[in-house]
Amino acid sequence: MQVRQFKPKLVAIRDASKVQQLQELIKDVSPQPEILIGDEGAVEVARHPDIEAVVTGIVGCAGLLPTVAAIKAGKDICLANKETLIAGGPFVLPLAQQHNVRILPADSEHSAIFQVMQGLPEGGLRRIILTASGGAFRDWPVEKLSEVTVEQAITHPNWSMGKKITIDSATLMNKGLEVIEAHYLYGVDYDNIEIVIHPQSIVHSMIETADSSVLAQLGWPDMRLPIMYTMSWPERVNTSEVTWPRLDFSKASSLTFKQPDHAKYPSMNVAYAAGRAGGTMTGVLSAANEQSVQMFIDHQIGYLDIMKLNEACCDAHQKELVALPNLEEIVHYDQWARRWVKEAVEGGKFKPRVAVQAATAAA
């Protein structure tokens, strides 16, 4: 376990009931770390004086509070969670600027963009092209999507990921959220951020420069490289060919690209609309999607219901949208969106497809 290997001074654990178990597992580690609990513990770890940079990988708005603490403490951010910018962009970016903090992307697509932008002069970027694998159902006809099961949706053709992100890849919501991230990270207008389906997941994203050149970053689908680069930047770490296979073009001989089908992936339109609305809308979309995906995993709704709920939640938020939210408003509307989705289904305002209801009743 990591505590044994790295012997940190400070360890944070979210679940207080697991502290005794952790203490038992590391009782022979010397010196013993200080153990902190919950959100406060994560905040203290993030702003510890010995830290130079913080890898933010906590999912949801729970990751926003320690990220803000790290920024205020002057730590560079290696960004591995989406909510920091999608929900917190209007608040986090000015804060990072105020504290002279760099935000370095660890996600594969944004790392690819960051890498190919090195040395690009100011005004040299014209367009961002985000590549997407297309997910588990890229070759399915739209008519069959109503039959999708949870087991099918959590199987990705290229990447090994958790359930939630694998489902987001299938709906293409992950890419829609990455469009919003790209807007905040690179200051590019939504009209100049595109999504293209690239089934092989070898080209991790591209940029078009002012003179019409297109620059791309390529590699096997392996999250280790973008994570390492964000922690080693601006240096390059020399890696072993044994543990880090080089890209062999004879084995990756076919690279194909196609436009995404908006009927199959309605998430794109919802994400672009939320991004253009700005303010709290992007955080509401992200939180609504988390709740919808979890309810799909729990067999409470069908696959196609995910995007219907997300769009309906965003529509409901329009009258309360805050254009320049503070941290408290960001967290408030994150929780509001989760409650809205949950209550819409459980209260009967939203009717999931009949097949799911029947399956749940039978179970």
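The values are calculated or read from the model by the stated rules, or taken from the named source; none is laboratory data. All figures in this text were calculated on a predicted structure; none of them were measured in a lab. Ideal geometry is used to build each Cβ from the backbone, glycine not excepted, and the neighbour counts take in all protein chains shown. Ligands, DNA and RNA are stripped out before the accessible areas are found, and what is left, the full protein with its side chains, is counted by its heavy atoms. Shrake-Rupley method; radii C 1.70, N 1.55, O 1.52, S 1.80 Å.
Among the residues of the stretch 286-304, which ones are more than 16 Å from the chain's Cα centre (by Cα) and of a type outside the set (S, T, N, Q)?
Taking the stretch 286-304 and keeping what is more than 16 Å from the chain's Cα centre (by Cα), we get 295-304.
Within the stretch 286-304, Met295, Phe296, Ile297, Asp298, His299, Ile301, Gly302, Tyr303, Leu304 qualify.
Filtering Ile113, Ile129 for residues that are assigned to a strand (DSSP E or B) and farther than 30 Å from His299 by Cα leaves a single hit, Ile129.
Would you tally the residues in the stretch 134-149 being on the phi > 0 side of the Ramachandran plot and without any contact (Cβ under 8 Å) to a residue 60 or more places away in the chain?
Filtering the stretch 134-149 down to residues on the phi > 0 side of the Ramachandran plot leaves 134-135.
Then keep just the ones that are without any contact (Cβ under 8 Å) to a residue 60 or more places away in the chain; that gives 135.
Qualifying residue count, the stretch 134-149: 1.
Residues are listed down the side, and each one gets a yes or a no for (1) within 16 Å of Leu177 (Cβ to Cβ); (2) of a type outside the set (A, V, I, L, M); (3) open to solvent by less than 50 Å² (accessible area, probe 1.4 Å); (4) under 19 Å from the mean Cα position of the chain (by Cα):
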| residue | (1), (2), (3), (4) |
| --- | --- |
| Pro49 | no, yes, no, no |
| Glu52 | no, yes, no, no |
| Val59 | yes, no, no, yes |
| Pro66 | no, yes, yes, yes |
| Ile77 | no, no, yes, yes |
| Ala80 | yes, no, no, yes |
| Glu83 | yes, yes, yes, yes |
| Ile86 | yes, no, yes, yes |
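Somewhere in the stretch 173-193, is a residue crowded, with 19+ Cβ neighbours inside 10 Å and over 29 Å from Val92 (Cα atoms)?
So the first thing to find is which residues in the stretch 173-193 are crowded, with 19+ Cβ neighbours inside 10 Å, and the list is 173-185, 193.
Filter once more, so that each one left must be over 29 Å from Val92 (Cα atoms): none.
Scanning the stretch 173-193 turns up no residue that is crowded, with 19+ Cβ neighbours inside 10 Å and over 29 Å from Val92 (Cα atoms).
Condition check ((1) touching an Asp or Glu at 6+ places or on another chain (Cβ under 7 Å); (2) loosely packed, with under 15 Cβ neighbours inside 10 Å; (3) at pLDDT 95 or above) across all residues:
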| position | (1), (2), (3) |
| --- | --- |
| Val3 | no, no, no |
| Lys9 | yes, yes, no |
| Ile13 | no, no, no |
| Asp28 | no, yes, no |
| Leu36 | yes, no, yes |
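For the stretch 229-282, a residue qualifies if it is under 30 Å from Glu329 (Cα atoms) and touching a strand residue (DSSP E or B) at 6+ places or on another chain (Cβ under 7 Å), and the qualifying residues are Thr230, Met268.
Take the residues in the stretch 150-168 that are part of a helix (DSSP H, G or I) and touching a residue at least 24 places away in the same chain (Cβ under 8 Å); name whichever of them is most open to solvent (accessible area, probe 1.4 Å).
If we filter the stretch 150-168 for residues that are part of a helix (DSSP H, G or I), which is where we start, we get 150-153, 163-168.
Pick out the ones that are also touching a residue at least 24 places away in the same chain (Cβ under 8 Å) and you get 150, 153, 163-164, 166-168.
Values: Val150: 13, Ala153: 0, Lys163: 116, Lys164: 60, Thr166: 3, Ile167: 0, Asp168: 2 Å².
Only one residue tops the list, namely Lys163.
Of all residues in the stretch 113-149, those satisfying the criterion of being in contact with a helix residue (DSSP H, G or I) (Cβ under 6 Å, 6 or more places away or on another chain) and open to solvent by 10 Å² or more (accessible area, probe 1.4 Å) are Arg127, Ala136. Among the residues of the stretch 88-102, those identified as surrounded by fewer than 17 Cβ atoms within 10 Å (Cβ to Cβ) and assigned to a loop (DSSP other than H, G, I, E, B) are His99, Asn100, Arg102. Checking each residue of the stretch 111-133 against the condition of being of a type in the set (Asp, Glu), in contact (Cβ under 8 Å) with a residue 12 or more places away in the chain and out of contact with any Ser or Thr (no Cβ under 7 Å at 6 or more places or on another chain) gives no match.
Please return the ranges of strands (runs of 3 or more DSSP E) entirely within the stretch 169-225 where 1 or more residues are more than 16 Å from the chain's Cα centre (by Cα) and of a type in the set (D, E, K, R).
On the way: elements: 193-197, 203-209, 214-218.
The qualifying strands (runs of 3 or more DSSP E) are 193-197, 203-209.
Filtered by the rule that a residue be open to solvent by less than 20 Å² (accessible area, probe 1.4 Å) and farther than 12 Å from Val116 by Cα, the stretch 204-220 gives a lone residue, Gly219.
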